Amino acid sequence: MNEGTTNKTNDSDAWSIEDSKRLYNIEQWGQEYFSINNNGNLAIFPEQDSNGPCIDMGEVIDEIKSHKINLPVLVRFQDLLRSQVIKLNETFGRVIKEAKYQGQYFGVYPIKVNQMREVVEEILDAGHDYNYGLEAGSKPELIAALALNDNTSSLTVLNGFKDQDYLRLALLGRKMDRKIIIVVEKYSELIDTVKIAEEFNVEPIIGFRAKLSSRGSGKWASSGGDRAKFGLSIPELMKGINFLKSLNKEHWIKLFHFHIGSQITDIRTIKDAISEGARIFCKIHKLGIPLEYFDVGGGLGVDYDGSRSTEDSSTNYTMNDYVEDVVYIVKQICDMEKVPHPNIVSESGRAITALHSCVIMNIVDQISTDSNQFPTECNDTNHILVRNFRDLWTELNEDNFQETYNDAIQKKDEIINAFKLGILSLEERAIAETLYWKICHKVKDIVKHVEFVPEELREMETTLAKQYLCNGSFFQSVPDHWAIGQLFPIMPIKRLNERPTQLCTLVDITCDSDGKIDHFINLEENSSTLPLHNLKEGEEYPVGIFLTGAYQDVIGDMHNLFGQLNEIHVFADDEDPTDFYIEEMISGHNCESVLSDMQYNTSYMAVVIKKQIDKQVQKGKISPRDGVKLTDFYEECLRGYTYLKK
Ligand SMILES: *Cc1c(COP(=O)(O)O)cnc(C)c1O
């Protein structure tokens with residue numbers, strides 16, 4: 001039962017990159033951007049075209065190493081951002097033309113989904129020719145949007161709760177001739193807007209956000225419905241219209257908005273919301289309000305697991321299906337109601353950014369329940385309980401494995417109880433526990449070859465799975481996995497032409513037992529473990545967590561003060577032999593910066609350490625030379641990366 005031999009036989013089994021593609025479902029979640037090349041490395045096609053440039057992820061890692069950038073690292077593929085922006089705008093353009101729809105599309109990117117300046121700038125640049133704008137939901141986001149988006153033909157849509165300064169900033173934008181739309185989320189904002197418009201002597205553009213009765217499906221269902229936090233109820237909407245009419249300002253209302261939640265998994269929910277929204281839109285229009293824009297909010301989902309289903313981490317529709325539903329339903333209802341087709345606005349964030357970034361972490365160690373942990377020879381001087389356990393082990397075979405397994409579980413309990421009562425020695429307990437794991441591993445191997453596997457044995461794979469230790473923090477890099485159980489595709493970067501022989505779960509280096517991943521996108525039937533390769537001495541084994549570009553890499557938290565990752569921005573370049581170049585490298589947090597964020601005075605701390613070491617030097621307990629070395633080392637660590645140096 002030597003593990004090495006098992007692996008050897010498996011290694012020689014035929015395994016191709018096609019097998020890896022199926023196993024990790026990469027062609028499904030990767031949307032033609034991600035695949036595996038003939039070297040067995042993960043590869044990226046930034047143009048969604050297997051004949052276009054192809055970036056070898058293994059080469060990217062080698063290059064960042066040559067620049068002395070350590071893993072874990074956050075990698076952004078800026079081309080994927082551009083490509084998604086263009087795809088969304090082109091799709092709307094095409095469907096609008098096909099449908100002979102009279103309005104235009106004015107998309108906006110919601111900054112909150114990924115606020116990184118380079119991300120927002122890239123999106124604006126890619127969307128410039130489509131008059132693609134921005135959506136802001138807070139004062140700081142508005143401050144950024146005002147400075148970043150200088151295209152006066154594109155929209156800036158303002159959502160979120162607003163104080164008077166927020167509204168003043170919006171009207172400052174109006175003074176600069178920008179199409180800034182104040183979306184009223186609660187009634188009092190309307191009163192304030194009217195007041196501040198007078199103060200600024202400028203015409204505001206107002207949007208009304210409605211609470212639809214249609215609710216999103218999935219995790220964000222509470223963004224819609226009567227109890228939604230944002231938006232006006234139908235009575236409030238009527239009240240608002242009448243209020244502006246009483247001031248003869250009803251022409252200020254130009255946009256109708258709703259947002260029923262993010263990652264809508266079921267296309268029927270979208271159809272439902274668009275129908276209800278379009279109906280309300282038409283009725284408002286008929287009240288004599290010259291609405292111009294119909295804003296469907298966000299919600300366009302990402303198929304994280306590639307299953308094309310209504311599971312929480314998937315969607316049962318494509319971007320094209322979504323766009324067709326929006327355009328055709330609005331057209332149909334407006335035609336029925338004899339209302340002119342409005343311009344369509346959408347606020348897709350997740351679908352634009354999710355694909356463009358990933359996190360690469362090294363596996364630095366493994367924690368396993370492997371056999372051979374302690375020598376199990378025992379003799380007649382050992383307690384009868386231990387000897388019985390040994391007999392179970394020696395007599396285990398293909399005919400009695402189920403019985404033996406059940407006995408082993410029972411006997412393990414007896415052993416622990418006997419130990420607690422002082423009957424067994426520590427050594428005897430070690431022997432018995434080792435025998436227990438040996439039995440489990442052998443039963444697992446037997447189970448592989450039998451036809452009928454009893455229910456209680458099926459979970460053994462998970463119990464016996466190895467835990468691979470990732471040099472990173474899941475709280476920092478995939479907070480939604482921990483917070484709401486969202487799944488992300490995870491797979492190795494290299495050796496994809498080799499059979500993965502180890503069933504694993506992943507744990508991170510935070511001192512928190514929640515820092516683990518034991519639920520993976522559904523690969524075959526068992527989703528609680530991920531097949532990975534055996535670790536080789538002296539060889540790095542990098543693993544990627546993909547589709548982290550929306551809501552993840554910018555939310556992160558400071559659990560254990562690990563902080564931000566080193567980050568690189570990769571661009572495709574057909575002229576370069578590697579098909580890529582790294583434009584930017586941004587250092588992650590070092591220990592000094594995370595500590596300063598928590599109000600520590602790191603220079604003072606270095607002085608305290610120096611003084612204490614000096615004292616030991618004066619006492620003669622440390623040599624002066626060693627004293628200097630130790631002080632320097634403390635300071636060097638302060639300046640160093642927070643993650644493991646490995
Ligand atoms: C968060 C949010 C969005 C973005 O939604 P996605 O599902 O990421 O596209 C759009 N509009 C509003 C009002 C939001 O709050």
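So for the stretch 302-318 (the condition being in a helix (DSSP H, G or I), crowded, with 24+ Cβ neighbours inside 10 Å and assigned by TED's automatic domain parsing to the domain that holds LYS112), does at least one residue qualify?
no
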* To do: Quick one: count up the residues across the stretch 165-198 that are closer than 20 Å to MET238 by Cα, of a type outside the set (D, E, K, R) and surrounded by 14 or more Cβ atoms within 10 Å (Cβ to Cβ).
  => 8
* To do: Please name all residue pairs, on different chains or six or more residues apart, with Cβ atoms under 7 Å, provided the first residue is in the stretch 261-282 and is assigned by TED's automatic domain parsing to the domain that holds ALA228 and crowded, with 20+ Cβ neighbours inside 10 Å and the second residue is assigned to a loop (DSSP other than H, G, I, E, B) and of a type in the set (Asp, Glu).
  => THR265/GLU311; THR265/ASP312
* Asked: Only one residue in GLU427, GLU398 is surrounded by fewer than 18 Cβ atoms within 10 Å (Cβ to Cβ), part of a helix (DSSP H, G or I) and away from the ligand (no atom under 16 Å from the Cβ), so which one is that?
  -> GLU427
* When you look at ILE360, is it open to solvent by less than 10 Å² (accessible area, probe 1.4 Å), in contact with a helix residue (DSSP H, G or I) (Cβ under 7 Å, 6 or more places away or on another chain) and among the β-branched types (Val, Ile, Thr), yes or no? -> yes
* Asked: Taking interchain pairs and intrachain pairs at least six residues apart, which have beta carbon atoms under 7 angstrom, with the first residue in the stretch 424-453 and farther than 19 Å from ASP391 by Cβ and β-branched (Val, Ile, Thr) and the second in a helix (DSSP H, G or I) and open to solvent by 20 Å² or more (accessible area, probe 1.4 Å)?
  -> VAL453/VAL447
* **Scope the stretch 342-366; condition more than 13 Å from the ligand (Cβ to nearest atom) and part of a strand (DSSP E or B); matching residues** => ASN343, ILE344, SER357, CYS358, VAL359, ILE360, MET361, ASN362, ILE363, VAL364, ASP365, GLN366
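Yes or no: VAL339 under 18 Å from HIS259 (Cα atoms), open to solvent by less than 40 Å² (accessible area, probe 1.4 Å) and away from the ligand (no atom under 13 Å from the Cβ)?
When the stated conditions are applied, VAL339 does not pass them.
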* Asked: What are the pairs, 6+ residues apart or on separate chains, where a residue within the stretch 363-389 that is closer than 21 Å to ILE509 by Cβ and of a type in the set (Ser, Thr, Tyr) has its Cβ under 9 Å from a residue that is open to solvent by less than 30 Å² (accessible area, probe 1.4 Å) and outside any loop (DSSP other than H, G, I, E, B)?
  -> SER368/LYS466; SER368/GLN502; THR369/CYS440; THR369/HIS441; THR369/LYS466
* Asked: If MET116 satisfies every condition in (1) in contact with a strand residue (DSSP E or B) (Cβ under 9 Å, 6 or more places away or on another chain); (2) of a type in the set (A, V, I, L, M, F, W, C); (3) closer than 30 Å to CYS334 by Cα but one, which is the exception?
  -> (3)
* Structure fact -> Selection from the stretch 258-293 of residues within 16 Å of the ligand (Cβ to nearest atom) and assigned to a helix (DSSP H, G or I) yields ILE267, THR269, ILE270, ALA273, ILE274, GLY277
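The values are calculated or read from the model by the stated rules, or taken from the named source; none is laboratory data. The shown structure was predicted, so the numbers you read here are calculated from the model rather than taken from an experiment. Quick reminder, even Gly has a Cβ in these numbers, built from the backbone with ideal geometry, and neighbours come from all protein chains shown. SASA here: full protein model, heavy atoms, side chains in, ligands and nucleic acids out. Shrake-Rupley method; radii C 1.70, N 1.55, O 1.52, S 1.80 Å.
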